[in-house]
Amino acid sequence: MPGRGWSGVGYRRSVSDFVVADAVPPVVMGVLNVTPDSFSDGGRYTTLSEAVAHGVRMCAEGAALVDVGGESTRPGAERVDAETEQARVLPVIRELASAGVPMSIDTTRAAVAAAALEAGVAVVNDVSGGLADPAMTKVVAEAGCPYVLMHWRGHSRRMAELATYRDVVTEVRDELAARVDEALAAGVAADKIIIDPGLGFAKTAEHNWELTRRLAEIQALGYPVLFGASRKSYLGRLLASPDGEPRAVHEREAATIATSVLAVAAGVWGVRVHQVRDTVDAIAVWRASGSPRLAAHD
Ligand code: PMM
C-alpha cells in the first residue's frame, strides 16, 4: 500500500518514502496549543494535566505527531517572550515524551526548538521557515531532525498588511524555494524538509482557496507538503450565516475535514488538524475507496 499513488507527482522521491516517527503518509498531525490565546483552542489546555491528556488522546486517535505550540500565531497576536514560550511547552513535552507520544514543536525560535528537541520532540515545525530566527536552520541541521518549513511573511501583528500578491501560488512557491535553499545551505538534509503553504498566514480567503486548487504547483518543488486548514477563519467565512456572521470556530469541523481530505487526495504528505479522530476516519474512507487522486494531479 505505501507508495501506491504517491510517486511521480513531480517529487524527487515518493512521498511515501518520507516516514517520520514511523508514520506512513498521509500523516495526521494533531494540534496541541498550550497558549491562553490561540484562535482555535486557546485557553483549553493550559494546565499540564489537561494538555498531556489531550496529547495522549490525539496520539491514541491516530495522530502520527502531536504538534506542541506555546505561542499563538493568530492574526494580530502579540508575541510572548522565549522564556514564557519555553515554560509553557517543555513540561508538556517531557510528559508526552515519557508517554511515548511522537511530537513536533511549533516554534519560530531556535532556542525553544533546541530545548524541545532535548526534551523529546522529533520534528521542528517553524511557521516562519527560518525567517524569524537566523539560528533556527543551524539547530535543525545539527539535530538532523525533520523540519517543517512554512511560507511566512512576518509576525502575526503585521500579517494582514503582508497579504498582497500578483499570483499567490507562484509567489508562495518561489518564497518557499528560497527558504528551502537557505535550509539546505545551513546543512539541513533535503530528505528532512517538509514544506507548507501556510494557509491564513498573510493570505486572504481567496489566496487560501487558490493555493488549495493549485497545490500541485507547490508539490512540484519536490518536497512533501503539510497542509493546515483546520478551523481557520476562511472556513468560517465560507460558512457564514446569511447576514454575514462567520461560522464559530468550533463549528468548522466538517469543512476542515472536507478540505483536509481534498488535500490528501491531491497528494499532500500530511494534514495539521485539531480534531484527529474524525480526520483519521475520513482518511480511512478515502483509503477504502482506493485512495482516489484528484484528476489534476494524476
Ligand atoms: N497553522 C497554525 C499554527 N502552526 N504550522 C504549520 N506548519 N502549518 C499551519 O498551517 C499552522 C502551523 C495556526 O493554527 P492554530 O492556531 O490552530 O494552531
Just to be sure, is S230 within 15 Å of the ligand (Cβ to nearest atom) and more than 22 Å from L131 (Cα to Cα)?
yes
Apart from one, (1) of a type outside the set (D, E); (2) free of Cβ contacts under 8 Å to residues at least 60 places away in the same chain; (3) more than 11 Å from the ligand (Cβ to nearest atom); (4) under 25 Å from E251 (Cβ atoms) all hold for V89; the odd one out is (4)
Residue within the stretch 107-120 that is within 14 Å of the ligand (Cβ to nearest atom), of a type in the set (D, E) and over 12 Å from A51 (Cβ atoms) present:
no
Across the stretch 61-76, what is the number of residues that are in a loop (DSSP other than H, G, I, E, B) and either touching a strand residue (DSSP E or B) at 6+ places or on another chain (Cβ under 7 Å) or near the ligand (Cβ under 9 Å from one of its atoms) (or both)?
6
Would you be able to tell me the number of residues in the stretch 7-37 that are modelled with pLDDT under 70 and either assigned to a helix (DSSP H, G or I) or surrounded by fewer than 23 Cβ atoms within 10 Å (Cβ to Cβ) (or both)?
17
Give me the pairs: first residue in the stretch 192-219 and within 13 Å of the ligand (Cβ to nearest atom), second residue polar (S, T, N, Q) and open to solvent by 30 Å² or more (accessible area, probe 1.4 Å), beta-carbon distance under 9 Å, and six or more apart or on different chains, which are they?
G200/T73; G200/S233; F201/T73; A202/T164
Test T164 against the stated conditions and say whether it is over 18 Å from the mean Cα position of the chain (by Cα) and farther than 27 Å from D81 by Cβ.
yes
In this structure, is R231 basic (K, R), crowded, with 16+ Cβ neighbours inside 10 Å and on the phi > 0 side of the Ramachandran plot?
yes
Given V249, V276, V268, V285, which one is over 23 Å from E217 (Cα atoms), of a type outside the set (S, T, Y) and open to solvent by less than 20 Å² (accessible area, probe 1.4 Å)?
V276
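The values are calculated or read from the model by the stated rules, or taken from the named source; none is laboratory data. Treat the numbers as computed from the prediction; the structure is a model and nothing was measured. Reconstructed Cβ throughout: ideal geometry from the backbone, glycine too, with neighbour counts over all protein chains shown. These accessible areas exclude ligands, DNA and RNA; they are computed on the full protein's heavy atoms, side chains included. Shrake-Rupley method; radii C 1.70, N 1.55, O 1.52, S 1.80 Å.
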